[in-house]
There are 2 protein chains.
Amino acid sequence: MSKLTETLNNFLDLDEKSLQAFLENGHILKISKSKKLIEEGEVSEFLFFIQKGSVRSYYFRDDKDITISFSLEGEFITSMSSFITQTPSYENIEAMEDCEMWCISHKSLMDLFEEYHDLERAYRLLLEQYYIRLEEHLIFSKFKNARERYEELIQYKPEIIQKASVGQIASFLDMSIETLSRIRASL
Amino acid sequence: MSKLTETLNNFLDLDEKSLQAFLENGHILKISKSKKLIEEGEVSEFLFFIQKGSVRSYYFRDDKDITISFSLEGEFITSMSSFITQTPSYENIEAMEDCEMWCISHKSLMDLFEEYHDLERAYRLLLEQYYIRLEEHLIFSKFKNARERYEELIQYKPEIIQKASVGQIASFLDMSIETLSRIRASL
DNA sequence: TTGATTTTTTGATATTTATCAAATGACAAT
DNA sequence: ATTGTCATTTGATAAATATCAAAAAATCAA
């Protein structure tokens, strides 16, 4: 069983036919390191599933590159607000290493939802999980200091420490490069 | 047309029968100022819609009361993570003034989803909107200083300034009471 | 390998905001 | 009006983190 069907089945036992239709409507996309999956200003047409590799989502603020999130193998990723509203994205998503993605277009997904109720439900459940995760991230990082935020990342996604640069990690953790460097030196 | 059906129709033109079933499965709840809608530790059984009034969601951290969100008339509210997972809530939700809520239980909602596909879709669309809002809140408050966060609140939900105490607003904006007081004095 | 370029670390200082303490103000009960 | 309580403001100081500058280390191209 592929990582994708495995992940989907974590949410819901999909009907054989729905799953089949879902898989048939998507396709594989290989993308090499540093290439962009989504670029600021364009509409996020696809929902991606990371079968292999990792990606980083970021935007520019005063010409500085600010990381919003890191995503790893087995996760869905897209510029959510753009994908949902089908309006231009304010974020970029790039491959942090050579990746193999599975992806499905917004249109295909919406069409599938018309026909397969359980797919829409799986998507709804996925959204719920992502919502909770975002809320927890927001609340629990609120009262953590720089060091605790770094320690949280180590707990939560240790792989990132190897895969991302200090600058990318620092902007994600909302601290300066220098502060992060000092925290690392003191551990 | 009630505020609730109006709000629902913003997302989707619901089938007459679905809407009827939805409304019939909920009920009205009047709750007076300072009373709790949801208490920490209990499972959030209901999804509420604020027909009249306003509520505040908060939790305790080191015995300090920390505001997570303020919600106004026309908004849905519950302890999302608790409602979704049906596990104990870490947050409290209290009425900031005498309120009239409409509410529907988790069980009723799930049962309705089995029968009325378009209700599940409306809920999915609602979730999407809330997800985007949370994401924007997270990203755009990240690089704002204390004063800008206060100004953002004034823009975004000016009513709150009247309805909430300085302490509640300060914890929501993630600053001390004193800092908020000084910001106000300097405007 | 070497030199150039970029990234990371280290040090000194500045800024923002928190904390603590005291003063003031608002309101309720007497 | 007076007292007590609680919320808010003001002032002084401390702590956390950013910023700026320079040194050291890593990476890369020729």
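The values are calculated or read from the model by the stated rules, or taken from the named source; none is laboratory data. Keep in mind that this is a model prediction, so the values were computed, not measured. Note that each Cβ is placed from the backbone with ideal geometry, even for glycine, and that neighbours are counted across all protein chains shown. In case anyone asks, the SASA skips ligands and DNA or RNA and just uses the protein heavy atoms, side chains included. Shrake-Rupley method; radii C 1.70, N 1.55, O 1.52, S 1.80 Å.
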If a residue has to be part of a helix (DSSP H, G or I), open to solvent by 30 Å² or more (accessible area, probe 1.4 Å), more than 10 Å from every other protein chain (Cβ to nearest Cβ) and not hydrophobic (A, V, I, L, M, F, W, C) to count, how many in region A:132-166 make the cut?
-> 10
For the subset of region B:172-187 comprising residues that are surrounded by 15 or more Cβ atoms within 10 Å (Cβ to Cβ) and within 11 Å of DNA strand D (Cβ to nearest atom), which member is farthest from the other protein chains (Cβ to nearest Cβ)?
-> B:ILE183
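Within the bounds of region A:81-97, is there any residue that is over 27 Å from A:ILE154 (Cα atoms), open to solvent by less than 20 Å² (accessible area, probe 1.4 Å) and touching a His at 6+ places or on another chain (Cβ under 8 Å)?
Within region A:81-97, one or more residues are over 27 Å from A:ILE154 (Cα atoms), open to solvent by less than 20 Å² (accessible area, probe 1.4 Å) and touching a His at 6+ places or on another chain (Cβ under 8 Å).
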Here the residues within region A:84-123 that are within 10 Å of chain B (Cβ to nearest Cβ), among the aromatic types (Phe, Trp, Tyr) and out of contact with any Asp or Glu (no Cβ under 8 Å at 6 or more places or on another chain) are A:TYR123
Given A:ILE77, A:ILE28, which one is over 27 Å from B:LEU125 (Cβ atoms) and modelled with pLDDT of 95 or more?
-> A:ILE28
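Conditions (1) among the hydroxyl-bearing types (Ser, Thr, Tyr); (2) under 22 Å from A:TYR131 (Cα atoms), marked per residue:
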| site | (1), (2) |
| --- | --- |
| A:SER57 | yes, yes |
| A:SER69 | yes, yes |
| A:GLU75 | no, yes |
| A:PHE83 | no, yes |
| A:TYR90 | yes, yes |
| A:ALA95 | no, no |
| A:CYS99 | no, no |
| A:LYS107 | no, no |
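For region B:1-72, which strands (runs of 3 or more DSSP E) that fit wholly inside it have 2 or more residues that are open to solvent by less than 90 Å² (accessible area, probe 1.4 Å) and of a type in the set (Val, Ile, Thr)?
Working: elements: B:27-31, B:36-38, B:46-52, B:54-61, B:64-72.
Per the criteria, B:27-31, B:64-72.
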Determine which single condition B:LEU126 fails, assuming it passes every other condition in (1) within 20 Å of B:GLU91 (Cα to Cα); (2) within 14 Å of chain A (Cβ to nearest Cβ); (3) away from DNA strand C (no atom under 12 Å from the Cβ).
-> (1)
Odd one out for A:GLN129, checked against (1) part of a strand (DSSP E or B); (2) open to solvent by 40 Å² or more (accessible area, probe 1.4 Å) | (1)
Please list, ordered by first then second residue, the pairs with beta carbon atoms under 9 Å, 6 or more apart or interchain, first in region B:8-24 and farther than 21 Å from B:ILE50 by Cα, second of a type in the set (D, E, K, R) and open to solvent by less than 100 Å² (accessible area, probe 1.4 Å).
-> B:ASP15/B:ASP118
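Specify which of the listed residues (A:TYR123, A:TYR116) is within 30 Å of B:TYR58 (Cα to Cα) and surrounded by 15 or more Cβ atoms within 10 Å (Cβ to Cβ).
A:TYR123
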If we ask which residues in region A:140-187 are within 11 Å of DNA strand C (Cβ to nearest atom) and either closer than 25 Å to B:ASP65 by Cα or hydroxyl-bearing (Ser, Thr, Tyr) (or both), their number turns out to be 9
Taking interchain pairs and intrachain pairs at least six residues apart, which have beta carbon atoms under 8 angstrom, with the first residue in region A:160-187 and more than 23 Å from A:GLU91 (Cα to Cα) and the second among the hydroxyl-bearing types (Ser, Thr, Tyr)?
-> A:LEU180/A:TYR150; A:ILE183/A:TYR150; A:ARG184/A:TYR150
